[in-house]
Structures are given as C-alpha cells and as structure tokens.
Amino acid sequence: MKKDKQIGQVAIFGMLGNIILLSSKLTIGFISGSHAMIADGMNSAGDVFASAMTFIGNRISNQPGDSNHPYGHGKAEYIFSMIISFSLLLVAFTIFRSSFDALINGSKFTYSIWLVIIAIMTIIIKFFLYIHAKRISILHNSLLAQANAIDHRNDIFVTSMTLLSILTGYYDIYLVDGIVGMILAFIIAYSGIGIFSNAYSVLMDTTVPQNIHDAFAALVQDIAGVDHIDAITAKPLGANFLLLVKVSVDANLTVFESHNICDKIKETLMKSQNVDDVIVHVNPAQFHR
C-alpha cells in the first residue's frame, strides 16, 4: 500500500477511535464530575482535531509537483503538524485551568465503575492505535504519523493517571483528581512543543544533522576526480532533502569531463535515503578561494 494511503488510514483510525472515546469520556466525566476524566475527554477532542489535520495534511503533501511547486507539496506535512502542536497547547492550557480551579475549590466527583471501564477501554484502544501509527511513521519517515503515534502513546500514560485518580476517589481522596489533571496538561503541552520544534526545523530550512552530512561527504570524496569538497548543504522538501553540493576538480579538465564527475556525484547521492534531488557545482581546484 502506498505511503499516502497508509498515513490516511492512521488519520481515519485515529478519528474514529477518538470520537468514540471523546463521547464516552465527556459523558461519564460530566455525570460523575471527574475533572481528570473531563480533562482526558478534552484531550480526545484535541486528538480528533489532530487526526483530521493529519488526513488533510497528508492529502496535500502527497500531491505531485507542478509549475508553482516543482519539488512537490511535502512541506504541507510540517505546516499541518505545526497546527496540531498549537491545538495541543490550547488543550493543555484549558485542562490546566480547569484542574487548577478544581484543586483550589476542592471539587469532588461521584465514583462510578463506568469511569474505570472507560479508562481501561481507552488504554487498550490507544495501545493498538499507537502500534499502527508508530509502524507507519517509521516505514515512511512521516512527521504526521509520528505526531499521531506520540499522541496515542501519551494518551496511554494520560489515561493511566486518570485511572489512578478515579481509584483514589473511590476512597474519598479527591485531591489527586485535580493534581492529575494538571500533570496531564503539562504532558500534553510537552508533546505539543516537541512536535512544533520538529516542524519548525524543517520549515526554517534547517540542514541535515552533522552525522548525515559527514556520510554524504564521505560518499562524494570517494568519487574519482573530486579534489576536495567546498560545501554540502541541504534544503528540506518535506521529509526529504534537496542537496546542494560544491566540489573542486582539476582546473585542466574539460567541461565534458567535469560534467561526468557531477553526474557521478548526483547518481551516488540519489541512492541515499530521503534525497529527492542533487545539484552539483564545480570549481577549479587550482584557482578556487
């Protein structure tokens, strides 16, 4: 199955699963008055939005290149990932404020076995959604799928803490409910900041990490005719890169011979993972400054 279809499945499964969990959590949360469960439900609302953004971002990013976008629409994946990060930060703020008020005012909730059942159901569903999204994110190096996987993973931890607050509420220890809600807010905010940072790096055209740069340099230096490397930079094209390579060659070579070296450099680097295109510029070794 193609990349766009598999990432689309991640989004659709996430939306369906989170809509079910959202309605269940908020219903029992408001009935019982559990701020931790309501916070968990609001987190699921954010998850529905994140899955929708994943679906839309995936559709746009997989459109082929055109006259206005010769290298495709890959950066749309990172734009929509950044939107997801903003939604997570908003959800985190809302949850923190609600939980803080509950902690200050000493709010209580009514224990219900349904709180436990929904919490356990959430952990099970989120575990399978996480496994699926994580596998697709690794397979296609997709930040959108990775963002969904991180979200599902966090939800397992979030709901586990919600379950803890529910169980302590059974013994009339209600302080934990507000504290857990606040902790959940920090966890969600941390995830949002992480996704924002990854998307920001690509959108700001951050070059490849040093270890990958060194690997590219080693490949180029081994090509016959390359005197030395002047520079290797990379421009992100979504998950992939456009490599800009400057090398020096013997100034006495003909244009045809220099061009053949360029072809070998491009052919070699194009075999590397996540490289969409390579532009090579040659300088005369004897006269280059």
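The values are calculated or read from the model by the stated rules, or taken from the named source; none is laboratory data. Keep in mind it's a predicted model, so treat the numbers as computed, not measured. Heads up, the Cβs are rebuilt from the backbone with ideal geometry, glycines too, and the neighbour counts pull from every protein chain shown.
Name, by its number, the condition in (1) surrounded by fewer than 13 Cβ atoms within 10 Å (Cβ to Cβ); (2) more than 25 Å from S137 (Cβ to Cβ) that does not hold for S197.
Just one mismatch for S197, condition (2).
Out of A189, A149, report the one residue that is part of a helix (DSSP H, G or I), under 17 Å from T54 (Cα atoms) and modelled with pLDDT of 80 or more.
A149
Only one of (1) in a helix (DSSP H, G or I); (2) at pLDDT 85 or above fails for L144. Which number is that?
Evaluating L144 over (1) in a helix (DSSP H, G or I); (2) at pLDDT 85 or above leaves (2) as the failure.
Only one of (1) crowded, with 22+ Cβ neighbours inside 10 Å; (2) more than 18 Å from F196 (Cβ to Cβ) is not met by I131, so which one is it?
I131 satisfies every listed condition except (1).
Would you point out which residue out of V208, V180, V176 is within 24 Å of S272 (Cβ to Cβ) and among the hydrophobic types (A, V, I, L, M, F, W, C)?
Unique residue meeting the criteria: V208.
Using the structure shown, decide if Y130 is among the hydroxyl-bearing types (S, T, Y) and touching a Gly at 6+ places or on another chain (Cβ under 9 Å).
no
Working only within region 80-128, note down all residues that are among the small types (G, A, S) and within 24 Å of F55 (Cβ to Cβ).
S81, S85, S87, A92
Only one of D47, D66 is in a helix (DSSP H, G or I) and among the charged types (D, E, K, R); which?
The unique qualifying residue is D47.
Suppose we keep only residues that are assigned to a loop (DSSP other than H, G, I, E, B) and free of Cβ contacts under 8 Å to residues at least 12 places away in the same chain within region 194-221. Which one would you say is nearest to H259 (Cα to Cα)?
Once the filter is applied, the top-ranked residue is P209.
Please state which one of M53, M82, M37 is surrounded by 18 or more Cβ atoms within 10 Å (Cβ to Cβ), modelled with pLDDT under 80 and not in a loop (DSSP other than H, G, I, E, B).
Result of the check over M53, M82, M37: M37.
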